[in-house]
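Single-structure report; data block below.
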Amino acid sequence: MSRRPGRVRRAASAALLSLLLVAGCDTGGAEDAGGGQPAASGAAEVPGEIVLASGRDVTGRGGIRQQLITEWNRQQEAKGVAYRARLVELPGSADQQRSQLLGALQSGSAEYDVVNLDVTWVPEFAAAGLVQPLPDRLVDEDVIKSVAETARWGGKLYAAPFNSDVGLLFYRRDYLTSAGVTRPDLGKDAGWPVVQQLIGVLDAARNRLPAAYAKGWTSQLDASYEGLTVNGVEAFASAADGFSLTDKEGRYAGSVAELQAGLDELRNRTQAAYTLPDAVHSDEADTLTDFAAGRTAFLRHWPYAYRTLHQSLSAEQLGVAPLPGKAVLGGQNLAVARGSQRTAAALQLVAFLTGKESERCLLDAGFAATRVSAYEDGALTCTTAKPAGQAAASPTGERTDRMPRDGNGRPAYARGTLLPALENAVQRPRTPLYGAFSQTFAGQLARLQGGTPPSDAQLAADLDRQLKRALPSH
C-alpha cells in the first residue's frame, strides 16, 4: 500500500474532520460559580476585558468554551460588574501555540490575562515566572487526583485544570462481528496480546470485511510533533509499572535497562504486521480520518473522538475501551498571566470556568471533565448549554449530535470507561525543559521507523546519553 504525500493527507484529513466535527450546544443559563465583583488585590484592578488565550476548541465553532464565557459575561452584566471576558483562539499546532504564548508573555506584547496551557507546559511557564501562583481553593478534592497533579510545580499551584484528556482505544465492533468474533466488546483489562490476536482474526477474515480495511490499528506515530512522544511514554510506562523518565524536580531519572524494556514494548505495539503504514506520518486528524473511513479496526485516540466518530458510526459499530497498559494524561489548565492588570477578576473567571457545573457542561459537549462530580453526581446538570441528552440540530432540522448518552445525559462511556482511564493515567515527564525532552525522545524513537533500525540495546544507550544532555540529571 503506497503512502500518501503528507500535504495531501493533511488536506484530506482536515476536510473529513471538518465534516465530522460538530459545534457545541446553544447557550442557556448557569449557576454562579465565581462571578460577581472580584476580590481585592494588592494593586488596583483595571476595568475592561479579561482576555483568555487558548488553542482550538475541539467541540467546534462557537463551542462549549465560548458558551461558558458568554454565560459568565451575562452574569457579570446582570450584576452590573464592569468586567467582560473574551476568548482568543490561537492558530497553528500545539507547538506553535506554545511559542506564541511564550513570546507574548515574555515580551508583554499581548494583553493576555488568562492562558490555557497544555498540561506539559505548566512547569515551564511557572519556572519562567510567566504565570502567577494561585490559591489552593481552586483545586479541591473534587478534582480527579491524577489531573490535579498536573497543575502544580515546585510545591505551588500555578493553574486550575480546565479540561482533561487521556489515551483510549476505539474499535470497530461490526468488523469483529463480521470476522466471526462472538464477543466483540473488549473488556476493561484487555491487553495488547488480546488486541493483536483479534487483528490476526480480522486479517484471516479479510474477505468478509469492507474493501477499505487495510491493517489492524493506527496511532499518532509522527515524530515531527508530540504524537510519537505520547505513544512512546505510554509504552515505556507500561513496560515498567511506576517508571518515570524524570523525578519530581524534573531531572532525568531513567536507566539503560528501563529504556530498553520500553523500546521493546513500543516495537511490539508498532509491528508492521499490525500497524497501518501511514501511522508513521499521522497526527490526530489523520488517524481519525483513517479509522472513520474503515481502513483500520483499532485506533488510539483522545476522548473527543467519541463524539466525533459517532457522527458517522452507530453505537453498534463503534466501541471504546481503556487503552491496554498505561495511558498518557493530556488536557489543558487555566493559568493567570503574571502581567495581568485584572488578576482578581481573572481568578473569578477561572473559578467559574473550572467549577462543577462548567465541568459538567464540558463533559456533555465531548471533553473529558476534570471533576469527579461531573461523572458521578446525579443532581448536577448543565444549564449553560442545551439540556444534556438533547441532540443539536442543523438549520434544516437534521440531527447532528448522535453521541450515545446515559440516563443522566452524560456520554454513555463517561462513568464506566473515561473516568477510570483518567484516574489511572500517567503523566508525561514533568520538567521546565519539556520541549527539549520531547524533541530528543521523539527524535531517537524515530530511528525505529527507518529502513535499518538499531537494536533496542543500541538505541537505549543512545537515548540514555541524549536525555542526559537534554535534561539535568542526578
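The values are calculated or read from the model by the stated rules, or taken from the named source; none is laboratory data. Values in this document were obtained by computation on a predicted structure and should not be read as measured data. Here the Cβ positions follow ideal geometry from the backbone for every residue, glycine too, while neighbour counts run over all protein chains shown.
The listed residues are Glu149, Glu77, Glu141, and the only one of them that is in a helix (DSSP H, G or I), surrounded by fewer than 17 Cβ atoms within 10 Å (Cβ to Cβ) and without any contact (Cβ under 8 Å) to a residue 60 or more places away in the chain turns out to be Glu77. Look at (1) crowded, with 21+ Cβ neighbours inside 10 Å; (2) more than 22 Å from Pro404 (Cα to Cα) and you find that Ala239 fails only one, number (1). Under the condition of being of a type in the set (Lys, Arg) and touching a strand residue (DSSP E or B) at 6+ places or on another chain (Cβ under 8 Å), the residues counted in region 214-255 number 2. Thr59 meets the conditions (1) in a loop (DSSP other than H, G, I, E, B); (2) out of contact with any Pro (no Cβ under 9 Å at 6 or more places or on another chain); (3) more than 26 Å from Ala368 (Cβ to Cβ); (4) modelled with pLDDT of 75 or more in every case but one. The failed one is (3).
Within the set Glu258, Glu234, Glu316, the sole residue that is acidic (Asp, Glu), in the same structural domain as Gly191 (by TED's automatic domain parsing) and under 25 Å from Thr177 (Cβ atoms) turns out to be Glu316. A single member of Leu198, Leu186 is within 27 Å of Asp364 (Cβ to Cβ), outside the structural domain of Val114 (by TED's automatic domain parsing) and either surrounded by 15 or more Cβ atoms within 10 Å (Cβ to Cβ) or not hydroxyl-bearing (Ser, Thr, Tyr) (or both), and it is Leu186.
Here Val256 meets the list (1) within 19 Å of Tyr434 (Cα to Cα); (2) modelled with pLDDT of 95 or more; (3) in contact with an Asp or Glu (Cβ under 6 Å, 6 or more places away or on another chain) almost entirely, failing just condition (1). Residues that are farther than 17 Å from Trp192 by Cα number at least 3 in the following strands (runs of 3 or more DSSP E) confined to region 252-362: 329-336. Among what's in region 352-369 and is buried (at least 24 other Cβ atoms within 10 Å of the Cβ) and among the acidic types (Asp, Glu), pick the residue that is nearest to Ala85 (Cα to Cα). Filtering first and then ranking leaves Glu359.
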